[in-house]
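A quick write-up on the structure given underneath.
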Amino acid sequence: MTTPKYSSSKRTAVSRSEGIAAILRDEILRGQYRAGERLPSERDLTTRFATSRGAVREALKKLEQLGIASIHPGGARVVPVDHCTLDVLGPLLDLNDVPDIKLVDEVLHVLGVLMDTAARAALDKATDEDLEYADEIIAEMLSSDSTGARMHDATRKLGEFFVDVADHLVLRLIVNGLRTTFVARLRELGIRPKLSHESHRNVAMELRAALANRDAIAIGRAMRDLNRIFRNNARDALLSARTGNTRTTV
């Protein structure tokens, strides 16, 4: 019989440390501890959480790995959020039932810049066959019977096309990371920006012309227009969810 890699007591300790780390992480992100401030001692945390010092140490290590705390001989201190890694984005979005509107807008802004870069790079590398496939996707965006969900799906497919053809590993990894931590969370909450068929159609026509002419300036302008639409509609969707009117806007 194969021996388990971890005993039940080990799994319990890991689970306990993760829970402690999550509580301390959220307290830090909510401002309960200021940047540079020392966190409670291991002894105090052991008492607070009624657990072992080992579980507390593991929890503090997890905070350090996240980049939100630094461990020194005198104890752990809080690191400013803007010094942390991208891994802190997910917890920041999860702090409230409805994600912070400014934070969401910033994420969409960055995604827009990345997709603009991907579109320009793809334009340089795309074959005629690639452009034919892109035109098929744009045709879905232009379809008169497209619902909000179909427009979302077609726009997502076009973005994936640009990233694939750009063939830029670092760009792909960053986009994947943002989508995993951001888009998935909004979907879980039932929040999807409502797309105006007319405005979306206008951008799709810009994209079609830019791709056909291999016009990098035009495709950059179209991608910025598309990003502006999503940011405005996402803001409206979040405001609607915050006031309790609805969370699903498509």
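Is there a residue being under 17 Å from the mean Cα position of the chain (by Cα) and among the charged types (D, E, K, R) anywhere in segment 146-157?
Yes, segment 146-157 has at least one match.
In segment 172-191, is there at least one residue being within 16 Å of LYS125 (Cβ to Cβ) and under 19 Å from the mean Cα position of the chain (by Cα)?
Checked segment 172-191: at least one residue is within 16 Å of LYS125 (Cβ to Cβ) and under 19 Å from the mean Cα position of the chain (by Cα).
Being closer than 29 Å to GLY19 by Cα, part of a helix (DSSP H, G or I) and either in contact with a Pro (Cβ under 8 Å, 6 or more places away or on another chain) or of a type in the set (A, V, I, L, M) (or both) is the filter here, so list the residues in segment 88-113 that pass it.
Result: VAL88, LEU89, LEU92, LEU93, ILE101, LEU103, VAL104, VAL107.
Conditions (1) out of contact with any helix residue (DSSP H, G or I) (no Cβ under 8 Å at 6 or more places or on another chain); (2) assigned to a helix (DSSP H, G or I); (3) under 14 Å from LEU108 (Cα atoms), marked per residue:
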site	(1), (2), (3)
ARG150	no, yes, no
ALA154	no, yes, no
GLU160	yes, yes, no
VAL165	no, yes, no
LEU173	yes, yes, no
VAL183	yes, yes, yes
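Give the residue, chosen from GLY67, GLY31, GLY75, that is touching a strand residue (DSSP E or B) at 6+ places or on another chain (Cβ under 8 Å), at positive phi and not acidic (Asp, Glu). First the steps, then the outcome.
Working: GLY67 fails: touching a strand residue (DSSP E or B) at 6+ places or on another chain (Cβ under 8 Å); GLY31 fails: touching a strand residue (DSSP E or B) at 6+ places or on another chain (Cβ under 8 Å).
Being touching a strand residue (DSSP E or B) at 6+ places or on another chain (Cβ under 8 Å), at positive phi and not acidic (Asp, Glu) holds for just one of GLY67, GLY31, GLY75, which is GLY75.
Considering only segment 125-136, I want to know if a residue exists there that is assigned by TED's automatic domain parsing to the domain that holds GLU206, more than 30 Å from GLN65 (Cα to Cα) and touching a Gly at 6+ places or on another chain (Cβ under 8 Å).
Within segment 125-136 (the criterion being assigned by TED's automatic domain parsing to the domain that holds GLU206, more than 30 Å from GLN65 (Cα to Cα) and touching a Gly at 6+ places or on another chain (Cβ under 8 Å)), the answer is no, since none of the residues qualifies.
Could you run through segment 140-160 and say how many residues are surrounded by fewer than 20 Cβ atoms within 10 Å (Cβ to Cβ) and at pLDDT 90 or above?
Residues meeting the conditions: 2.
Keeping to segment 86-133, report how many residues are more than 13 Å from the chain's Cα centre (by Cα) and of a type in the set (D, E, K, R).
Residues that pass the stated criteria total 10.
Tell me yes or no: at least one residue of segment 166-181 is modelled with pLDDT of 85 or more, among the acidic types (Asp, Glu) and exposed (fewer than 14 other Cβ atoms within 10 Å of the Cβ).
yes
Given the options GLU58, GLU42, GLU106, name the one that is exposed (fewer than 15 other Cβ atoms within 10 Å of the Cβ) and more than 30 Å from ASP135 (Cβ to Cβ).
GLU106
When you look at ALA126, is it of a type in the set (Gly, Ala, Ser), surrounded by 14 or more Cβ atoms within 10 Å (Cβ to Cβ) and under 20 Å from GLY220 (Cα atoms), yes or no? It would help to see each step written out before you state the result.
Details: of a type in the set (Gly, Ala, Ser): yes; surrounded by 14 or more Cβ atoms within 10 Å (Cβ to Cβ): yes; under 20 Å from GLY220 (Cα atoms): yes.
Judged against the criteria, ALA126 is a match.
Which ones in segment 40-75 are closer than 13 Å to ILE28 by Cα and touching a Pro at 6+ places or on another chain (Cβ under 9 Å)? Can you show your working first?
Going residue by residue through segment 40-75, those that are closer than 13 Å to ILE28 by Cα are 40, 60, 63-64, 66-70.
The answer is LEU66, ILE68.
Restricting to helices (runs of 4 or more DSSP H) lying wholly in segment 1-80: which have 1 or more residues that are assigned by TED's automatic domain parsing to the domain that holds LEU95 and modelled with pLDDT of 95 or more?
none
The values are calculated or read from the model by the stated rules, or taken from the named source; none is laboratory data. Note that this is a predicted model, so its numbers are computed, not measured. Using ideal geometry, Cβ is built from the backbone for each residue, glycine included, and neighbour counts are taken over all protein chains shown.
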